[in-house]
Amino acid sequence: MVKKSDITIREFIPSDRAAIRRITFDTAFLGSPASIFFDDKEIFCDTLSLYFTDYEPMSCFVAVLNEKVIGYIFGTKNIPKMNRIFTSKIVPRLGTKAIDRGTLYSRKVQEFLMHCSASFLKGELTTPNYAKEYPATFHINIDRNFRGLHIGSDLLNTFFKYLRDSAISGIQCSTMSDAAKNFFVKMGFHVLFQIKRSFWRAYTGQTLTYYVLKKTLEKFCA
């Protein structure tokens, strides 16, 4: 039986990259694999994790059990900078790679993009820009076999300390999971914005709520 004391939180190192990508894909859809809506694992993981592991690795931390990565938090201290790098350096690579791999010819991917486009036209993908007051953000995921051990709170507290040490006082995050939203609220976040996103109805049978939450780190007590 795994105990919390068996798990270590440490800084990301390059050899963790493959494990992070595996967990990213396996937990991307409300804690379940992304394969339900996207079947090119390489492109999907590049989209979600490449910036963090390759351009801002110092803002990444992992949870380790017996030298195996079982969870992670990766993020940025500067959302506008992240967006600039993603748009100018990562998107062109992703486009070329997707064409070479034939990703866009996948029926599953085409259907997903069609549903996303419909939501975009309804204005469901638009969110306000809160980066001035809350410039940091993150993604956090835990291997499905190791949930319930409070790994998420340990990872978040590590990230909070890292941001405070870097003089970052505001952080935001987003989720479409009510369980995740409730967890973030327990960690001191407050809902800043929410909007219904109907395109997930094709995969869940229901419209999901997209939440943006915020936290002022000056008020956080470790």
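Is at least one residue of the stretch 143-162 among the aliphatic types (A, V, I, L, M) and over 21 Å from ILE23 (Cβ atoms)? Before the answer, list the steps.
Taking the stretch 143-162 as the starting set, the residues that turn out to be among the aliphatic types (A, V, I, L, M) are 149, 151, 155-156.
Those still in the list that are over 21 Å from ILE23 (Cβ atoms) too: none.
Among the residues of the stretch 143-162, not one is among the aliphatic types (A, V, I, L, M) and over 21 Å from ILE23 (Cβ atoms), which makes the answer no.
Please count how many residues of the stretch 90-110 are without any contact (Cβ under 8 Å) to a residue 24 or more places away in the chain and part of a helix (DSSP H, G or I).
Pass one, the stretch 90-110, residues without any contact (Cβ under 8 Å) to a residue 24 or more places away in the chain: 91-92, 95-96, 99-100, 102, 104-105, 107, 110.
Narrowing the set further to residues that are part of a helix (DSSP H, G or I) leaves 91-92, 95-96, 99-100, 104-105, 107, 110.
Going through the stretch 90-110 one residue at a time, the tally reaches 10.
Can you work out which of the residues in the stretch 15-41 that are touching a strand residue (DSSP E or B) at 6+ places or on another chain (Cβ under 6 Å) and buried (at least 18 other Cβ atoms within 10 Å of the Cβ) is modelled with the lowest pLDDT? So that I can check it myself, show each step before the final result.
Taking the stretch 15-41 and keeping what is touching a strand residue (DSSP E or B) at 6+ places or on another chain (Cβ under 6 Å), we get 16, 19-20, 23, 27, 36.
After this cut, where a residue has to be buried (at least 18 other Cβ atoms within 10 Å of the Cβ) as well, the list is 16, 20, 23, 27.
Details: ASP16: 97, ILE20: 96, ILE23: 96, THR27: 93.
Among those that are touching a strand residue (DSSP E or B) at 6+ places or on another chain (Cβ under 6 Å) and buried (at least 18 other Cβ atoms within 10 Å of the Cβ), it is THR27.
For the stretch 50-72, which residues satisfy the criterion of being touching a Cys at 6+ places or on another chain (Cβ under 9 Å) and either closer than 21 Å to THR87 by Cβ or basic (Lys, Arg) (or both)? Give the steps one after another, and end with the answer.
Taking the stretch 50-72 as the starting set, the residues that turn out to be touching a Cys at 6+ places or on another chain (Cβ under 9 Å) are 52-53, 72.
Residues satisfying the conditions are PHE52, THR53.
Kindly indicate whether PHE12 is at pLDDT below 95 and of a type in the set (Phe, Trp, Tyr). Full working, then the answer.
Details: at pLDDT below 95: no; of a type in the set (Phe, Trp, Tyr): yes.
No.
Going by what's in this entry, would PHE44 be described as surrounded by fewer than 17 Cβ atoms within 10 Å (Cβ to Cβ), within 17 Å of the chain's Cα centre (by Cα) and either in contact (Cβ under 8 Å) with a residue 60 or more places away in the chain or under 24 Å from GLN172 (Cβ atoms) (or both)? Break it down into steps so the answer makes sense when it comes.
On the way: surrounded by fewer than 17 Cβ atoms within 10 Å (Cβ to Cβ): no; within 17 Å of the chain's Cα centre (by Cα): yes; either in contact (Cβ under 8 Å) with a residue 60 or more places away in the chain or under 24 Å from GLN172 (Cβ atoms) (or both): yes.
The answer is no for PHE44.
With surrounded by 13 or more Cβ atoms within 10 Å (Cβ to Cβ) and polar (S, T, N, Q) as the only criterion, which of THR126, THR158 stands out?
On the way: THR126 fails: surrounded by 13 or more Cβ atoms within 10 Å (Cβ to Cβ).
Only one candidate passes the filter, namely THR158.
What pairs can you find where one residue is in the stretch 118-145 and more than 15 Å from LEU217 (Cβ to Cβ), the other is basic (Lys, Arg) and in a strand (DSSP E or B), and their Cβ atoms are less than 8 Å apart, with a gap of 6+ or different chains?
The qualifying pairs are SER119/ARG197; GLU124/LYS196; GLU124/ARG197; LEU125/ARG197.
Sort through VAL2, VAL62 and tell me the only one that's in contact with a Phe, Trp or Tyr (Cβ under 8 Å, 6 or more places away or on another chain) and assigned to a loop (DSSP other than H, G, I, E, B). Quick ask: steps written out before the conclusion?
Values: VAL62 fails: assigned to a loop (DSSP other than H, G, I, E, B).
It is VAL2.
The values are calculated or read from the model by the stated rules, or taken from the named source; none is laboratory data. Please read these numbers as outputs of a predicted model, since none were measured by experiment. Counting neighbours? That spans all protein chains shown, and the Cβs are built from the backbone with ideal geometry, glycine included.
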